[in-house]
1. Could you list, in sequence order, all residues of the stretch 633-652 that are out of contact with any helix residue (DSSP H, G or I) (no Cβ under 8 Å at 6 or more places or on another chain), modelled with pLDDT under 95 and not hydrophobic (A, V, I, L, M, F, W, C)?
2. May I ask you to verify whether K801 is open to solvent by 60 Å² or more (accessible area, probe 1.4 Å), of a type outside the set (S, T, N, Q) and over 17 Å from Y216 (Cβ atoms)?
3. Hey, can you tell me all the residues within the stretch 284-329 that are among the β-branched types (V, I, T) and closer than 27 Å to E344 by Cα?
4. If we keep just the residues of the stretch 66-99 that are closer than 19 Å to A642 by Cα and among the charged types (D, E, K, R), which is modelled with the lowest pLDDT?
5. Take the residues of the stretch 280-300 that are assigned to a strand (DSSP E or B) and more than 14 Å from Y825 (Cα to Cα): which is most open to solvent (accessible area, probe 1.4 Å)?
6. Quickly run through the stretch 332-350 and pick out the residues that are open to solvent by less than 40 Å² (accessible area, probe 1.4 Å) and assigned to a strand (DSSP E or B).
7. With respect to S566, is the statement that it is over 26 Å from A642 (Cα atoms) and either buried (at least 19 other Cβ atoms within 10 Å of the Cβ) or free of Cβ contacts under 8 Å to residues at least 60 places away in the same chain (or both) true?
Amino acid sequence: MISGGIAAQSEKPAARGVERGRAKSTAALILSSLLFSTALGGTVLGGTAIAWAQQAEAEQAVRFSIPAQSLPSAVDAFTRATGWQVGYSATVDSAVTTNRVSGRQTPRQALQAMFAGTGVSIRFTGPKSAALVTPQVSPMGLADDGSLMLDTIDVTAETARGPVDGYVAQQSATATKTDTPIIDTPQTISVITADEIADQQAQSVRDVVRYAPGVYYSDDADSRLQLINARGFLLDQYLDGLSLLTGTWARPRIDPYFLERAEVLEGPSSTLYGQGSPGGLLNMISKRPTETPHHQVEIQTGSYDRIQGAFDLGGPVDDQGRVLYRVTGLARKTGTQVDHVDEERLAIAPSVTWRPNADTSLTLLASYLHDPKAGFWNLLPYQGTLLPNKYGKFSRDFYVGDVDFEDFDFKQGMVGYELTHRFNDTWSVRQNFRYTGIETDYRAVQGSTLQADQRTLNRNAYTADESLDAVTLDNQATANFNTGALTHTALFGADYQYRNWDNLSRFGLAPTLDILHPDYTQDIAIPPLFQDANQVQEQVGLYAQDQIEFGRFYYSIGGREDWASSDTNNYLAGTKTDQDNSKFTWNTGLLYHFDSGFAPYVSYATSFQPTIGTDFAGRPFDPTTGEQYEAGIKYQPPSMDALFTASIFELTQQNVLTADPNPSHSIGSQVQTGEVRSRGIELSAVASLTDSLDARASYTHLDSEITRSNDGTEGNALANTPEDFASLWADYTFHEGALSGFGVLGGVRYVGQTYATNANLLEIPDYTLFDAGLHYELGELLPNLDGTKLAVNATNIGDKKYVSYCTAAGCRWGLGRTVYATLSYEW
């Protein structure tokens with residue numbers, strides 16, 4: 001009889017490599033128990049042993065292509081290919097180099113071939129689980145009382161929605177919806193892990209992708225919209241694989257502290273996600289319940305009198321680990337770069353996972369966010385930003401509003417679930433659902449143009465009361481099977497989107513402002529009614545995808561049909577507009593994965609996006625359409641935790657709205673003859689080079705052009721779209737010597753010259769920004785502070801003053817130097 005001795009290892013590894021992030025889970029302890037009871041007596045319960053033997057005989061062969069590499073990397077590759085759980089104790093040498101495994105064979109045969117002659121033995125502990133041991137070290141020991149002492153087994157499998165150790169993710173839940181390894185995905189996909197988000201102390205969604213390849217945005221103090229671009233177009237924003245549907249100001253807000261990871265999928269993605277921008281999408285993954293206890297609290301202070309407190313708690317509820325929980329919360333109050341503008345936030349996100357058996361999981365996700373002070377709009381005139389002003393440049397903190405009139409209250413609630421079930425080795429299903437409700441109350445005085453004296457600022461008063469109710473639902477069925485030499489991963493799906501948006505807004509002139517002697521407490525009347533409307537949009541989509549593996553070839557093809565409708569009631573004008581669209585989209589890709597780690601690929605994808613409105617004759621506009629050709633090569637070195645990617649692409653959007661050339665039609669009429677083309681090259685590298693060094697680097701060259709237009713902009717580049725942009729980020733942490741526990745990090749970002757508008761008459765100069773930081777594990781200095789970490793992060797450390805974004809109405813300054821200090825404690 002085995003008694004006692006089983007205890008989860010609670011010590012935190014010093015290194016940030018493979019050892020740091022492994023979960024000491026209940027499943028790992030079960031593996032340990034089975035392994036060592038087998039070694040002790042040579043017998044297991046007869047019925048279980050017979051069941052394992054029968055399943056081993058019935059195992060289907062899988063096509064493997066795993067190069068020789070270090071043991072941790074080989075185990076990761078094997079678990080990704082098979083879905084097995086493979087663990088090993090601390091006595092196993094992780095520096096062991098495994099054998100190359102290729103061709104069709106059962107998982108057991110492949111695992112045995114992988115470790116043949118390495119000195120590592122395999123103990124099969126279940127129908128789809130194994131543990132690695134070294135024969136020269138006994139896998140058991142006896143305590144003084146004769147009880148059996150068991151090692152803790154580390155389970156290393158990464159999930160596509162779970163935490164990642166370091167900066168290099170192996171899988172993505174976004175690109176294919178089938179958790180395909182990134183190296184085998186014939187499309188550009190970048191994953192920003194929780195470690196990278198925390199190291200950079202991201203304060204907004206834009207900060208999360210600050211160093212992501214191919215991404216650019218306005219790095220200014222306007223925190224409301226958080227718009228992000230890639231390849232010349234907006235990125236649609238998703239949370240947990242479901243679209244974040246929006247109004248004008250009623251746009252869902254996600255705080256980075258609540259994220260496990262973020263994934264940027266570049267290029268048209270309508271085949272799996274329906275209507276959307278041809279630029280791609282940003283899919284953010286929420287923090288989820290954890291199998292092992294996780295507790296963190298932190299406090300943060302810094303620039304603009306910032307004060308923030310946050311907590312993140314999770315773990316199993318019961319001893320069997322069938323019920324898991326997590327609750328994350330945050331409270332913040334801060335000033336901003338602009339005078340008289342503050343921000344406040346209260347947010348909480350509880351979640352629960354129930355796993356009644358090994359094949360079924362239900363996770364409930366909820367969140368509530370309230371921003372009593374939710375940001376501002378602060379465009380400044382060209383004269384004093386991009387153009388000279390006889391009174392000099394506007395300061396970055398210049399405020400154009402009115403302290404008695406301004407107000408922005410934002411409330412958001414979300415509730416949903418993720419349900420998964422595996423019927424057998426072939427079929428599994430997943431259903432994702434979320435309801436979102438948003439209420440906004442916005443009042444602002446917005447700056448306009450300067451008068452001829454260059455000191456009197458024209459202003460407008462604006463108010464908006466919006467409410468948004470949105471429902472998103474995605475049903476997926478996945479089948480894994482073989483047809484001869486072909487291995488298939490087939491996906492079938494049906495999804496639904498519903499958005500009900502009410503908008504009541506007012507707009508009118510406000511008193512002017514003397515920029516030399518501003519009066520911020522003027523009498524401002526409520527402006528006249530500008531818009532009173534309700535809009536209901538619905539979309540139903542059916543899609544299918546097949547990923548086929550043949551030897552080292554990976555081929556994918558998918559298709560989708562969408563039906564979208566929009567009903568708009570304009571209560572102010574007394575009109576109602578109904579619009580219906582349907583569209584077929586598809587994609588395909590081919591990739592070849594060499595044993596050396598190189599994986600060249602080609603792909604083609606299309607997209608569509610409904611266009612609200614009608615032409616001069618009252619005919620509804622057709623959806624805009626997009627298509628992309630892409631070719632590239634990915635490289636994942638067998639002996640390094642890294643991923644390198646190079647790609648070239650050409651992306652075209654058709655049916656773009658442009659001015660109606662018929663002079664007999666009313667002013668402002670539009671037609672759909674416009675076209676935009678974007679082509680370029682992207683280079684990207686992300687690596688956890690050692691246990692101490694994590695890094696990311698990227699470069700993008702982007703050639704955007706308006707290829708068809710009736711407004712005189714044909715041949716011009718897209719506004720606010722840089723031709724060249726690049727970034728480099730690194731974090732080095734010492735694990736030995738006098739500096740053990742100390743880390744230094746830094747980055748540099750370059751954004752090339754852009755144009756203020758599509759007319760290309762005004763250039764926005766290029767700029768280079770430097771970021772830096774320090775962090776220290778205080779437990780290295782004082783053992784009783786184990787788990788306590790102090791971090792200081794600074795962005796734009798040179799305090800460079802630059803214009804980051806312009807429209808036809810004005811420009812915004814980029815963020816100046818910002819410094820944050822964060823003290824956190826984990827246990």
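The values are calculated or read from the model by the stated rules, or taken from the named source; none is laboratory data. Note that this is a predicted model, so its numbers are computed, not measured. Every residue, glycine among them, receives a Cβ derived from its backbone with ideal geometry; neighbour counts consider all protein chains shown. Accessible surface is based on the protein model in full, side chains and every heavy atom, while ligands, DNA and RNA are left aside. Shrake-Rupley method; radii C 1.70, N 1.55, O 1.52, S 1.80 Å.
1. Correct list: P637 only.
2. Yes.
3. Across the stretch 284-329, the qualifying residues are I285, V297, I299, T301, I307, V327, T328.
4. Looking at the filtered set, the residue picked out is R80.
5. That would be S286.
6. The answer is R332, T334, G335, E343, R345, A347, A349.
7. So S566 passes the test.
Yes or no, residue by residue, for (1) in a strand (DSSP E or B); (2) hydroxyl-bearing (S, T, Y); (3) at pLDDT below 95:
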| site | (1), (2), (3) |
| --- | --- |
| R749 | yes, no, no |
| A772 | yes, no, no |
| H775 | yes, no, no |
| G779 | no, no, yes |
| K789 | yes, no, no |
| A794 | yes, no, no |
| D799 | no, no, no |
| Y820 | yes, yes, no |
